[in-house]
Structures are given as C-alpha cells and as structure tokens.
Amino acid sequence: MKSLMLFLRVVLDDIENRCCISTSLDYKTIEARVKHEGLSFLTITLPSFGKDFEKSLDLGFVAPNLFKGFSRRGAIPEFLGGLLESVFDRTSGVLLPVEGTAEVIRAVRQITLMFGKMALPCSDERRDAAFAAYMQCELDVRDSDRKLDRSSTEDYQRIGALLFREMYTELDLAVYQGSILPKHGPGSTAEKLLGNKKYNQREWTQRLETYFPSGSFLFSSWSFFLENADCLVIHEPGAERPVRVVDVPKTLKTPRIIALEPTCMQYVQQGLLEQIVEGIQRNYSLRTFISWEFQQPNQLLAQKGSSDGTLATLDLSEASDRVSNQHVRLLLANHPHLMGAVDACRSRKADVPNHGVIRLAKFASMGSALCFPFESMVFLTLIFLGIERALNTRLTGKLIKSFHGKVRVYGDDIIVPVEFVHSVIQTLEAFGLKVNGNKSFWTGKFRESCGKEYYNGRDVSITRVRRKFPTSRKHTAELISTVSLRNQLFVGGYDGAVELLDSWIERLIPFPVTEPTSSLLGKWSYEPYKAQRMHPYLHVPLVKGVEVTYSLPKSFLDGSGALMKWFLKRDDLPFIDENHLQYAGRPVSVDIKTRWRKPY
C-alpha cells in the first residue's frame with residue numbers, strides 16, 4: 001500500500017506541474033480515505049468517481065445524483081476541485097467550452113481510474129455475488145426469449161439474411177462437404193486436459209457424431225479408429241459433460257466469470273471459428289462492419305465521434321451471457337447444415353459453483369470459441385434492425401452499404417450514428433440485451449471504444465496500474481507489468497513517475513536503455529542506447545539486461561496422437577518448436593534471466 005500511495009503522490013505532482021493546478025489537498029483527501037477504507041478506495045471508489053466524471057462530460061453538466069460519497073462546493077465535488085473547475089462551472093456545474101480542457105480531463109481520468117483494473121483477488125462474498133449474477137442473467141435470457149414477438153423475429157431474420165446470407169451459404173456448404181478442419185487451443189478445458197493430452201482425447205458426443213464423425217475427427221486413420229474403438233466414449237445428449245463455470249481475477253470489485261468448454265466441443269468450435277473468420281475477411285461489406293482481430297477501426301471512429309459528434313459509442317453489460325441461443329438459431333434458420341453444426345458443438349449445460357448443473361438458455365459464455373463471433377453478428381443484426389425502425393423503411397443491401405464507416409462492432413464495443421442511438425438501444429434491449437449507460441456516450445464530446453478514450457478529437461487515454469509493485473526479483477509477473485507501466489508513462493510524459501519506477505526497478509534488475517523492439521526488459525528513453533560491449537562474432541552492440549523466459553509443461557505425445565497433430569497443421573512447414581511433442585500448452589511459469597542482448 002505504501003508503494004501505491006507514493007506512486008500516486010508522484011503522479012499527482014506530475015499532473016500539478018503539467019496543469020499548473022495544485023493537487024496537495026487532493027492527496028491529503030486520498031490519504032485520509034485510504035486510511036479508513038483501505039485499498040478499495042483506490043480500486044473501487046476512485047474509479048466510480050472517474051466514471052461519474054465521464055458521464056458528466058457526456059451529459060454536459062454535473063448531475064446531482066453523481067459523485068456520491070464526495071462532498072461538494074458549489075455544483076462540483078471538493079475533491080479534485082481545482083482540476084474540475086477548469087472543466088465545469090463551479091456555480092452551475094455546466095461544462096465549460098472545450099478549448100484547452102483535454103489535458104485536464106486526461107489528468108482527472110488518470111488519477112481516478114489508474115487503479116481500477118488491478119488484477120486482485122475478490123472476497124468470497126463478491127465471488128459468490130458474481131456467480132449469483134450469472135444465474136440471474138440466465139433467468140433474464142429465458143424471460144426475454146418468451147417476450148419476443150413474431151413480427152420482431154421475422155424482421156430480425158430478414159436483416160440477418162441481408163447481412164450474412166452469402167457467408168452462411170459458404171459455411172453451410174463447407175459443413176455439408178465435411179471440409180471443417182478442427183483445432184485444439186492452448187487453454188484449459190472442462191475435463192482439465194492440457195497440452196498434447198488433447199490429441200489423445202477419446203470423449204465425443206452423439207450430437208457431434210452427426211456432423212463431425214469421431215472416426216475422422218479424433219483419429220489420424222480408420223485403422224487407428226478400429227484399434228481404439230473400445231476406448232471411445234460417445235455421450236448421449238443427456239449425459240454430455242457440462243461446461244465448467246469458473247471465476248478469474250479481473251478487479252477487486254468483481255471477478256470475471258468464464259466457462260471452460262469440454263475438449264471435444266472446443267476442438268470443433270475452433271474449426272468453425274477459423275471458417276467464419278475467413279468468411280468475414282472475404283466479404284468486403286462484413287469486414288467493414290465487424291472485426292475480431294483489429295481494434296483500430298473502432299478507435300478511429302470513436303475519435304471521429306468525439307470530434308464531430310456524428311458517431312456514438314455503446315457498450316453492453318454481460319454481453320456474452322445475454323446472447324440467447326434463440327438469437328443464433330434465428331440467424332441460421334435457413335442454413336440447416338451450419339445451424340446443425342453450430343448446435344452440435346454448443347454446450348447445453350453448465351456446472352456453476354454453489355448452484356449445480358443447469359441447462360443453458362444463453363448461446364455460450366466467454367470461453368467458447370464461437371461466443372465472440374456470434375455475439376458480434378447478433379449485435380450487428382440488431383443495430384440495423386434499430387436503424388430500419390428509425391428510418392421507417394425497409395433496408396436493402398444498397399442502403400446497408402451506405403453505413404460503411406458509420407457502424408462498427410468489435411465484441412460488445414459498438415459504433416453507431418448518433419441519430420439512430422435511441423432506436424438501436426430500444427431494439428437491443430427489446431431482445432434482452434443490456435446497454436451500459438455508464439460506458440455509452442453520444443451527447444457530449446467524450447467517446448471510448450476498444451481501450452481508447454477521446455475528448456473533442458484528442459486522445460485522453462490513460463495508463464493503468466495492472467499489478468502491485470514488485471519488492472523482489474522473484475516477483476516476475478509484477479516486474480514485467482511495472483516495466484510496461486514505466487514505459488507507457490514515459491510515452492505519456494509523466495517524468496516524475498518514470499523516475500520513481502526507474503529507481504525501484506534498478507534495485508532488482510539491470511535496466512538498460514533499449515528500443516521497444518528489444519527482447520530485453522529495458523527502459524525507453526529520448527537518449528540513445530549505449531552499447532556496453534560488442535558481439536565477438538556478429539559485431540553488433542550488446543547491453544546487459546533481463547529477458548523473459550517461459551516454461552512449458554511436460555506433455556509427451558507419440559503414436560496416433562502425434563500423427564493427428566501433424567494432420568491438423570495448417571501448412572506443410574515444420575513445427576517451429578522442435579520439442580513440441582515433449583512440451584506443450586500454456587506456460588506453467590514465467591521467469592527472467594540476465595543476458596547480453598541487442599538493445600534494438
């Protein structure tokens with residue numbers, strides 16, 4: 001806690017120097033609140049203040065119901081009052097003219113939000129509350145499914161066909177022809193299979209068998225299938241393994257709830273995902289509206305919206321968990337092979353801690369390879385349904401194309417024209433989705449999307465503290481995070497904070513000046529790097545620093561499984577790692593080694 005407070009003090013000093021506004025009283029307020037409330041003031045209360053600040057920017061004034069827990073002087077809070085009165089009128093609370101306020105806005109956001117996403121374990125009470133919210137979301141999905149009327153679903157299907165018919169037809173044919181090539185990912189699964197063990201899996205389902213025969217998808221040849229047929233377990237629908245719902249660290253306020261899919265389901269989902277991504281990339285119109293790989297288009301549109309006010313940024317709460325299986329089935333209704341294949345690899349049950357095994361109405365939780373693409377397609381369809389209702393005319397392919405550069409979906413980060421915001425929100429919520437009002441912006445000059453924030457066209461994004469600061473060289477993850485934080489602050493111009501972090505890091509590891517492309521953990525600087533020695537053979541400059549190394553788990557594979565791994569390769573080139581049959585999976589440990597390396 002002491003190191004966090006010292007770091008915050010130095011950041012406040014940097015902001016004071018840049019904005020020429022005193023922050024000494026603000027630090028005393030933080031110090032007193034932390035003394036009584038603990039770390040939660042930094043990680044929960046301050047971020048709530050920051051979100052209220054953003055909402056005030058969007059509203060154009062400080063509303064009476066915002067900044068709860070903070071006293072006011074005039075219309076604005078006393079805390080950070082010196083900075084806030086450069087943005088809002090102290091008497092009326094109305095937003096002042098935008099000229100010259102972007103730097104102050106970034107400063108307020110940096111102070112209040114930088115600790116909001118530290119990866120810290122939650123209390124058992126907050127963890128239990130997150131699982132209870134997962135269950136409530138499931139009930140909400142069932143309720144919204146019951147409320148959907150026929151007219152709305154028909155319009156939804158019609159617009160979905162306008163957008164995706166061509167791609168779905170290609171995918172439908174690929175499923176029919178049996179050209180889907182499955183794929184194993186590196187992550188955990190419901191049965192806790194890791195690394196190369198996945199290539200020897202012998203668990204399948206009867207639903208998968210219809211579209212993805214186990215003899216072809218689990219074995220490298222039919223002779224291996226016949227030899228191992230007795231070991232193969234094919235589950236009937238009622239006996240299928242459920243997804244395993246778990247929590248992973250997100251913030252001190254709440255964990256992230258994800259679901260670990262059975263290996264066989266994830267195996268097929270990855271193959272379908274690959275075909276969907278390729279289908280989107282082949283279709284110019286779709287790749288203009290949807291992306292799962294590139295965030296920059298969303299960020300640029302958010303910047304445009306903040307500058308000219310023409311585009312809104314919307315964010316959805318519990319986005320993945322509120323996409324109903326019915327939403328997806330309606331989109332795929334005219335493509336029976338594709339719909340059957342998607343349904344076959346969709347898990348129908350979930351094992352939720354404290355709640356047992358439940359049947360799922362949602363399409364999939366985070367953890368399914370198909371969750372992200374199908375939620376994006378559902379959102380895009382509903383966006384254009386909302387636009388159609390606002391226009392009061394039926395959409396055509398030509399009319400949809402006129403929205404290129406105006407509508408964009410990246411997961412639950414949505415860009416739409418401002419004039420259609422209310423209709424789009426109404427449509428999304430009519431289908432059971434939930435728009436996050438605290439993170440959606442359309443009336444003011446503030447916009448955020450895909451990790452970038454803008455005010456009046458200027459970047460006001462901040463640098464976040466992701467982990468606690470290291471006190472030992474053994475704190476590898478914290479060291480890596482702190483070096484990244486230091487270099488981001490250097491780019492942001494926080495010279496005092498950079499100097500402080502340099503002093504902490506240099507006590508633990510050699511910390512030379514390097515280019516961002518170097519393999520070493522090094523410091524970025526305006527000064528050029530200084531060679532400490534020359535390579536004896538290559539005659540290139542070298543510096544002494546630490547390099548991150550990863551240890552893969554032992555995972556021996558031979559026989560049929562090894563042959564299957566080869567057949568599942570996407571090219572004819574050799575495996576990059578020559579030891580891939582001995583070690584595989586996600587790293588079990590991360591370490592740092594002192595080495596001489598190029599500084600660039």
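The values are calculated or read from the model by the stated rules, or taken from the named source; none is laboratory data. The shown structure was predicted, so the numbers you read here are calculated from the model rather than taken from an experiment. Note: ideal-geometry Cβ built from the backbone for every residue, glycine included; neighbour counts use all protein chains shown.
Below are the figures for this structure:
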item	result
Given (1) part of a strand (DSSP E or B); (2) under 17 Å from the mean Cα position of the chain (by Cα), number of the condition residue 297 does not satisfy	(1)
The stretch 134-146, residues that are surrounded by 14 or more Cβ atoms within 10 Å (Cβ to Cβ) and of a type outside the set (D, E, K, R)	134, 135, 137, 141, 144
Every residue from the stretch 163-184 that is in a helix (DSSP H, G or I) and crowded, with 19+ Cβ neighbours inside 10 Å	163, 164, 167, 168, 171, 172, 174, 175
From 179, 214, 223, residue being free of Cβ contacts under 8 Å to residues at least 12 places away in the same chain and either among the aromatic types (Phe, Trp, Tyr) or under 18 Å from residue 345 (Cβ atoms) (or both)	179
Entirely in the stretch 1-70, the helices (runs of 4 or more DSSP H) that have 3 or more residues that are in contact (Cβ under 8 Å) with a residue 60 or more places away in the chain, under 26 Å from residue 444 (Cβ atoms) and of a type outside the set (A, V, I, L, M)	46-59
Residue 139 vs. criteria outside the structural domain of residue 321 (by TED's automatic domain parsing) and out of contact with any Gly (no Cβ under 9 Å at 6 or more places or on another chain)	no
Any hit, the stretch 520-528, residues being of a type in the set (Asp, Glu) and in a loop (DSSP other than H, G, I, E, B)	yes
Helices (runs of 4 or more DSSP H) (entirely within the stretch 333-442) containing at least 1 residues that are among the aromatic types (Phe, Trp, Tyr) and more than 26 Å from residue 60 (Cβ to Cβ)	371-391
Count - residues of the stretch 552-583 that are buried (at least 16 other Cβ atoms within 10 Å of the Cβ), within 30 Å of residue 516 (Cβ to Cβ) and of a type in the set (A, V, I, L, M, F, W, C)	1
Test: residue in the stretch 335-350 that is of a type in the set (S, T, N, Q) and touching a Leu at 6+ places or on another chain (Cβ under 8 Å)	yes
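Residue by residue, here is whether (1) at pLDDT 95 or above; (2) over 25 Å from residue 121 (Cβ atoms); (3) among the basic types (Lys, Arg) holds:
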position: 38; (1), (2), (3): no, no, no
position: 44; (1), (2), (3): no, no, no
position: 50; (1), (2), (3): yes, no, no
position: 59; (1), (2), (3): no, yes, no
